[in-house]
1. Can you tell me which residue among Ile113, Ile103 is in a strand (DSSP E or B) and under 21 Å from the mean Cα position of the chain (by Cα)?
2. For region 50-84, how many residues are more than 16 Å from ligand 2 (Cβ to nearest atom), closer than 16 Å to Leu98 by Cβ and crowded, with 19+ Cβ neighbours inside 10 Å?
3. Among the listed residues Asn182, Asn200, which satisfies the condition of being closer than 15 Å to Leu89 by Cα and surrounded by fewer than 17 Cβ atoms within 10 Å (Cβ to Cβ)?
4. Of the residues that make up region 22-30, is at least one assigned to a loop (DSSP other than H, G, I, E, B), more than 28 Å from Gly230 (Cα to Cα) and without any contact (Cβ under 8 Å) to a residue 40 or more places away in the chain?
5. Got a number for residues in region 33-60 being at negative phi, within 16 Å of ligand 1 (Cβ to nearest atom) and not acidic (Asp, Glu)?
6. Identify all residues within region 102-115 that are at pLDDT below 95 and more than 16 Å from ligand 2 (Cβ to nearest atom); write none if there are none.
7. Only one of (1) of a type in the set (D, E, K, R); (2) without any contact (Cβ under 8 Å) to a residue 24 or more places away in the chain; (3) closer than 28 Å to Leu6 by Cβ fails for Asp117. Which number is that?
8. Among the residues of region 215-230, is there at least one that is under 23 Å from Gln110 (Cα atoms), under 14 Å from the mean Cα position of the chain (by Cα), part of a loop (DSSP other than H, G, I, E, B) and more than 16 Å from ligand 2 (Cβ to nearest atom)?
Amino acid sequence: MNTKSLPILYIVIPCYNEEAVLPVTSGMFLEKLDSLTKSGLIHPDSRILFVNDGSKDGTWEYICSLAEQDPRFTGISQSRNRGHQNAVLAGLMEAKDLCDITISIDCDGQDDINAMDRMVEAYLNGAEIVYGVRSRRDTDTFFKRFTAESFYRLMNRMGAEIVFNHADYRLVSSRVLQEFANFKEVNLFLRGLIPLVGFNSTSVYYERHERLAGESHYPLGKMLSLAFDGITSLSVRPIRMIFWFGVLSVFLSLAGILWAFIMNAAGNTVSGWSSLVCIVLFMGGVQMLSLGVIGEYIGKIYLETKARPRYIISERTASFPNKELKEDGR
Ligand code: UDP
Ligand code: MG
């Protein structure tokens, strides 16, 4: 088989305190890499790239031992925990000069690895980005499903265009990643940013499973803050809504002032304590809320102006390839 023209694939897998799940899923990822190679879809130099996100358990040691057993397992370690999005970014940026395509996937086995075949096929048919979209959420609890679906609706209403029911399971070509490297923002919301790069894209559908071991790191609180973060990173619609709310309250106030004058003329000015308290409290609440939203944007500007590094890699496994390899190594 002529492997020269086949794409080199890097499967990028963020891991944070996953020592319970890695022994279960690492073998599955390797088998998948193997079967993709055997079916002639990818180049034999393809790799699995674990990104240890500052885990406090034995995750990194386990990744290193995997790399010693089989050089197709490679790994990088972040100098501390920076969150899922930054871990994925670190992996993608490291991989972009070594491969032709990347697939990012969580390490807990929730996303169906069998969708990778269709993703690579879609790439071979001309798509540069292939979104993995959950077709059903039957294995999630009603609460998780409801909150997650409300999350996508809210995001889209607020002007952050994201693919419905797509998380961070996607194929991205190195061509797209080279362009994406110019997006310097530190407020990362990958599933909203990747579509902004453009290029041909398509979706493949898969069923989401339950976590194979360990526990979710995205309880409701974290999910809400991810949603808020996503909205304020991608769109200024909330500020515009405040403006329109301001316009509305100006009109209401004018009506109120008119009403106050009429009451005054009619000599009924003593009563009205309740309405006064309601108005004061309501306006106070609205002002605090608006300040909070504006403050959130100012906070984002503050973080952006500092332009701190989005990830810092402290270690690499011995199996991690040299950057020059792609040019002369095949
Ligand atoms: N993760 C990470 N850094 C973090 C939190 C999570 O790298 O600070 C990784 C985690 O190891 C997993 C993926 O991100 O591979 C998704 O996390 P999780 O499964 O807990 O989220 P859920 O699937 O419940 O949304
Ligand atoms: Mg998960």
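The values are calculated or read from the model by the stated rules, or taken from the named source; none is laboratory data. Nothing here was measured: the structure is a model prediction, and the numbers come from that model. We place every Cβ from the backbone using ideal geometry, glycine too, and count neighbours over all the protein chains shown.
1. None of the others qualify; the one that does is Ile103.
2. 6
3. Asn182
4. Within region 22-30, none of the residues are assigned to a loop (DSSP other than H, G, I, E, B), more than 28 Å from Gly230 (Cα to Cα) and without any contact (Cβ under 8 Å) to a residue 40 or more places away in the chain.
5. Residues meeting the conditions: 10.
6. Across region 102-115, the qualifying residue is only Asn114.
7. (2)
8. Scanning region 215-230, I find no residue that is under 23 Å from Gln110 (Cα atoms), under 14 Å from the mean Cα position of the chain (by Cα), part of a loop (DSSP other than H, G, I, E, B) and more than 16 Å from ligand 2 (Cβ to nearest atom), so the answer is no.
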